[in-house]
Amino acid sequence: MSPSDTSTHATGDRGASPNGARTERLNVEQASYAYSPEAQAAPTFTLAATSFQAHERELVAILGPNASGKSTLLRLISGTIAPLSGRVELDGEETSRLDVRTRAQRIAVVHQESPVVYPALAGDFVLQGRYPYGRALRFATKEDIEIAHNALAQVGADHLSGRTIGELSGGEKQRVILARALAQQPRLILLDEPTLHLDIGAQVELLERLRQLAQENRYAVVVVTHELALAAEFADQVVLLQHGRCLRVGTPAAVYQADLLEQVFEAPLDVEVGPAGRPRVNLRARRGEDAM
Amino acid sequence: MHPLTARHVLWVCAGLAAVLLACVVLALKLGAVPISVTDLLINLGRVAIGRSDQLPSEYRLIVFDLRLPRIMLGILVGAALSVSGASFQALLRNPLADPFVLGVSSGAALGAILALIFAPQLPFVTLLGAFVGAMATIAAVYFLGRRGGELDSTTLLLGGVISASFLSAIIMFLMTTLAGRDLRGAVFWMMGDLSTPVPVDLQWIFMAGLLAGIGAIYSTSADLNLLLTGEREAIHLGVEATRVKLVVYVAASLLTALAVSASGQIGYVGLLVPHAVRRIFGSDYRILIPASAFCGAIAILLADTLARTVVAPTELPVGAMTAMAGAPVFIYLLRRGMR
């Protein structure tokens, strides 16, 4: 890794194709994983070989019920674990082989909110996203401050920079956490159940913002979720998981088949096609003649 | 957006150094034999320009042979305990962590006593024993505090309290059964006291250890800020979490060992001082670590001056003073955290 390579910015020229075709960012190729309590013991959870690609400006939803392997797949993509077989590559480099600093310059991960031990100002929190670019004690440079400002502005939260994290609402906090991810100037943004603690309005706002940011900054965005309706409305591609196996990869219209989803999510539902060609999912209560 | 700058940190340190100096002058002045500030400044001036031969002999005895070594020891112990407290708070993600509360001080004291019993002839043996004792205790408390792979705040504190009382019981046992052996000064490890100055030949070791320990922790202060928001997130932001935790674990144990082998178990300083510093200067570790070092030195110096003067000529152990101030604050923080 040459030193100049590590300073590449998201807005820099990185494989722009002249004819407007989308550059492939993320390539997950037959990646599998197995958790074992001990080295010799039989694995307690396995993720069978999974393949999909994510291009720049694309939003991919990893969809599945609890314990379907969503989080494992996310950890494989983020490079914190290495696949047992297969490869996970970002722009042609295996994510698990990057050193932590380089990885943090290329991949931003947004988790479900974690408890804050000491109060921090939202502005300082966003500046943490500049950590992988700084040296030693990481006092913020003018450039860092400008980038953090822009990141806050991009999520419509510039007015929050002087507030402490603890006093923000769920939606505001989620925006500040997203701004920190933007300040990392990554190529790939991973989000783990980002809508879990948000009300409906904030959920829709977040996903619309993610789509827009992916367009503007040429990120690839991968969202882990179990929200069928949101994925249908906002994802370009859906990866459907169940019991550690990848069942389907494709556009929402191709993946959303009523019988398949009913079987995966163990809930009776209908799928219809909305005006924009995107599927709509309606839950049905089990009552009367529908039961069993 | 006004992020922390290096200039701001330097100004704060300079200000606190001035306060510390004023406290040193005050501590030199106060005591069983009162000395006027003018005399003190004149004689300090004489030392500064290298005319120490002109000092009146009673000054030499009281100020330079009795009070000054004790003051230097107080500065060392206060800085070491405060910085190690702040470090344990980051390492364990727990605002109530403190070397005394977690049992690390007891572990260091036991290590020092065992070293004195089994190998009294070796150099630096109490320091070495205290260091090993501190490292072993914090490792044990860390594993006691884990529940389902995660550090649990309540379990951790309970583990620390239990370890502290267990280790103190062993110390009592050893001191009772080995009463015939030469365990000079072993008693003072129980309460925390500054009346035995560090032997002259060990002073440089202690200073070097203090600076190395604080320096090592300060070099990780940007990482500690991120580790406090969660280890997983810190790794995703580029922190080499394993290396940072190892550095802080070893350095904070060293600082606790330094303090305990020099002065015994002085409690709650590592809790009180970083907490006060957070209130005044914010919770950024890049300012918290140096400010805690200075404020810890100031706090111990003031506490010891009080301990020397409040019922003069009888002296109280400084550990009693810090515990009287610290325990109520601990309860307050605990209850606030539970709400």
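Ordering A:SER169, A:GLN105, A:ALA140 by the projection of their Cα atoms onto the charge dipole of chain A, which places +1 on the Cβ of Lys and Arg and -1 on the Cβ of Asp and Glu, puts A:ALA140 at the extreme positive end.
Taking every alpha-carbon pair under 8 Å whose residues sit at least 6 apart, the stretch B:6-338 reaches a relative contact order of 30 percent. Of all aspartates and glutamates in the structure, the ones whose alpha carbon falls short of 14 Å from that of A:LYS70, not counting any fewer than 8 places away in one chain, are A:ASP192, A:GLU193, A:GLU227. A simple spin-label model places the labels of A:ARG135 and B:LEU21 3.2 nm from each other, with each point 7 Å out along Cα-to-Cβ.
Distance between Cα centroids, the stretch A:211-289 to the stretch A:147-195: provide it in whole Å. If you average the Cα positions of each part, the centres end up 26 Å apart.
When A:LEU74, A:LEU191, B:LEU158 are sorted by how many other C-beta atoms sit within 10 angstrom of their C-beta, beginning with the fewest, the order is B:LEU158, A:LEU74, A:LEU191. Stokes-Einstein diffusion for chain B at 20 °C, viscosity 1.002 mPa s, with a Kirkwood radius from C-alpha pairs, works out to 104 µm²/s. Okay, helix-only estimate at 222 nm for chain B: each DSSP H run of n ≥ 4 adds -39500 (n - 2.57), divide by all residues, round to 500 deg cm²/dmol; what do you get? Rounded to the nearest 500, the figure is -23500 deg cm²/dmol. Semi-axes of the equivalent ellipsoid of the stretch A:115-185 are 19, 14, 10 Å, computed as sqrt(5λ) over the eigenvalues of the C-alpha gyration tensor in descending order.
A quarter of the convex hull surface defined by the alpha-carbon atoms of the stretch A:108-226 gives 7.2 nm² as the mean projection.
Evaluating 6.51 cos²θ - 1.76 cosθ + 1.60 at θ = phi - 60° for every residue in the stretch B:311-321, the Karplus couplings come out as 10, 4, x, 6, 10, 8, x, 5, x, 5, 4 Hz, glycine and proline recorded as x. Between helix A:200-217 and chain A there is an angle of about 60 degrees, using the helix long axis and the longest principal axis of the Cα atoms.
Placing +1 on each Lys and Arg Cβ and -1 on each Asp and Glu Cβ, with no other charges, gives the stretch B:6-338 a dipole about its Cα centre of roughly 380 debye. In terms of other Cβ atoms within 10 Å, B:MET72, B:MET172, B:MET207, B:MET321 run from fewest to most in the order B:MET172, B:MET207, B:MET72, B:MET321.
Backbone amide hydrogens, once placed in the peptide plane, bring A:LEU247 within less than 5 Å of A:LEU240, A:LEU241, A:GLN242, excluding anything fewer than 5 places away on its chain. The B:SER195 and B:THR154 beta-carbon pair, evaluated with R₀ = 41 Å, returns a calculated FRET efficiency of approximately 0.65.
The lysines whose alpha-carbon is closer than 29 Å to the alpha-carbon of A:LYS142, local same-chain residues fewer than 8 away aside, are A:LYS173. Taking the longest Cα principal axis of chain A as reference, the axis of helix A:142-154 is set at about 30 degrees. Taking other C-beta atoms within 10 angstrom as a stand-in for reagent exposure, B:SER168, B:SER253 fall in the order B:SER168, B:SER253, fewest first.
Between A:THR44 and B:VAL161, the modelled label-to-label distance comes to 3.1 nm, taking each label 7 Å out from Cα in the direction of the beta carbon. Residues whose amide H lies under 5 Å from that of A:ARG25, counting only those 5 or more places away or on a different chain, are A:ALA54, A:HIS55, A:GLU56; hydrogens are built 1.01 Å from N in the peptide plane.
Placing dummy labels 7 Å off each Cα toward the beta-carbon, the span from B:LEU30 to A:LEU260 is 7.8 nm. Between A:VAL223 and A:VAL60, A:ALA61, A:ILE62, A:LEU191, the built amide H atoms are under 5 Å apart, and every one of these is 5 or more places off in sequence or on another chain. Computed 3J(HN,Hα) for the stretch B:212-222, one whole-Hz value per residue from the Karplus formula 6.51 cos²θ - 1.76 cosθ + 1.60 where θ = phi - 60°, is 5, x, 5, x, 4, 5, 5, 5, 9, 5, 5, glycine and proline marked x.
Once the Cβ-Cβ distance between B:LEU40 and B:LEU211 is put in as r, and R0 is 30 Å, what FRET efficiency do you end up with, to the nearest 0.05? Computed FRET efficiency for B:LEU40 and B:LEU211 comes out at 0.65. Across the stretch A:70-85, computed HN-Hα scalar couplings (Karplus, 6.51 cos²θ - 1.76 cosθ + 1.60, θ = phi - 60°) run 4, 5, 4, 4, 4, 5, 5, 5, 6, x, 6, 10, 9, x, 5, 9 Hz from first to last residue, x flagging Gly and Pro.
Only helices enter the 222 nm calculation for chain A: every DSSP H run of n ≥ 4 contributes -39,500 (n - 2.57), and dividing by all residues gives -8500 deg cm²/dmol, rounded to 500.
Axis of helix B:153-177 versus longest Cα principal axis of chain B: the two differ by about 50°, to the nearest ten degrees.
The charge dipole of the protein assembly as shown, taken about its Cα centre with unit charges on the Cβ atoms of Lys, Arg (+1), Asp and Glu (-1) only, comes to about 1220 debye. For the protein assembly as shown, how big is the tail of P(r) above 32 Å, as a whole percent of Cα pairs? Counting every Cα pair in the protein assembly as shown, those more than 32 Å apart make up 57 percent.
FYI, it's all coordinate maths here, none of it is from the lab. Because the structure is a prediction, the values reported are computed rather than measured. Cβ sites come from the backbone with ideal geometry, for glycine too, and all protein chains shown count toward neighbours.
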